[in-house]
């Protein structure tokens, strides 16, 4: 938490009154050093879905587009969410000759801050729920939360995807709640859902950024030798026109579930 407090007192705009930029201003972007450097995740990605990308074309005609920003979870820095919103607002009255010029500008500005390759995808339509995996609701048939001690397993070997719409954590700066649909895809001994639900319930009042939440959950689960393959995805609900979907895995070709309708 020391890094959070130090950066908060410096220039993080989250939780503070901010002036909306009227002109293009990449300087409002604020990088935050990842707290999770101590964690050892083999593979992963952070996905930001932007619903309010708005700019002017060369004829000063307003344009809008659904945009996705992607960068590896191995980066030393992430972009602070409110600063990204302020940056995107600074594009609203800025003219770009082509859509490709806009894309290159955003990539350049973010890469300069987080010092890692960034990929941007312009989408023509929103995805809808396409859950091709066999999925099971974690809290189905669970009637109570019990104190969490450790995960428990049966001897049955499975490959399955578990999910819950009930995941909650707290913003470490504002202490406001953040909600997500959590997907856990794994192979190994079958997890007893009651114990998994007990564990996830311990997260509901803990202050962590979205990316840190998924790092913590992934590293807790992969610490059990009963789990051989693991991918954890947190599809967090949007705020201010942006949602974040961190994914962590020990599989190079990990599964990625399209954005869900509640995001």
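The values are calculated or read from the model by the stated rules, or taken from the named source; none is laboratory data. Because the structure is a prediction, the values reported are computed rather than measured. Neighbour counts run over all protein chains shown; Cβ positions are idealised from the backbone, glycine included.
General observations
- For the stretch 39-66, the set of residues classified as within 17 Å of residue 217 (Cα to Cα) and crowded, with 18+ Cβ neighbours inside 10 Å consists of 41, 44, 45, 46, listed by residue number.
- Conditions (1) under 14 Å from the mean Cα position of the chain (by Cα); (2) in contact (Cβ under 8 Å) with a residue 60 or more places away in the chain; (3) surrounded by fewer than 22 Cβ atoms within 10 Å (Cβ to Cβ): number failed by residue 237: (2)
- Of all residues making up the stretch 220-263, the number that are out of contact with any strand residue (DSSP E or B) (no Cβ under 8 Å at 6 or more places or on another chain) and within 23 Å of residue 153 (Cα to Cα): 3
- Strands (runs of 3 or more DSSP E) contained entirely in the stretch 103-178, each with at least 1 residues that are assigned by TED's automatic domain parsing to the domain that holds residue 30 and at pLDDT 95 or above: 119-123
- Odd one out for residue 199 among (1) within 28 Å of residue 81 (Cα to Cα); (2) not in a helix (DSSP H, G or I): (2)
- Residue 78 under 21 Å from residue 243 (Cβ atoms) and either assigned to a helix (DSSP H, G or I) or assigned by TED's automatic domain parsing to the domain that holds residue 213 (or both): no
- Selection status of residue 221, crowded, with 16+ Cβ neighbours inside 10 Å and over 17 Å from the mean Cα position of the chain (by Cα): yes
Here's the yes/no breakdown for (1) assigned to a loop (DSSP other than H, G, I, E, B); (2) at positive phi; (3) out of contact with any helix residue (DSSP H, G or I) (no Cβ under 6 Å at 6 or more places or on another chain):
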residue	(1), (2), (3)
219	no, no, yes
230	no, no, no
235	no, no, yes
243	no, no, yes
252	yes, no, yes
258	yes, no, yes
262	yes, no, yes
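- Filtered residue count, the stretch 146-156, keeping only those that are surrounded by 12 or more Cβ atoms within 10 Å (Cβ to Cβ) and over 26 Å from the mean Cα position of the chain (by Cα): 2
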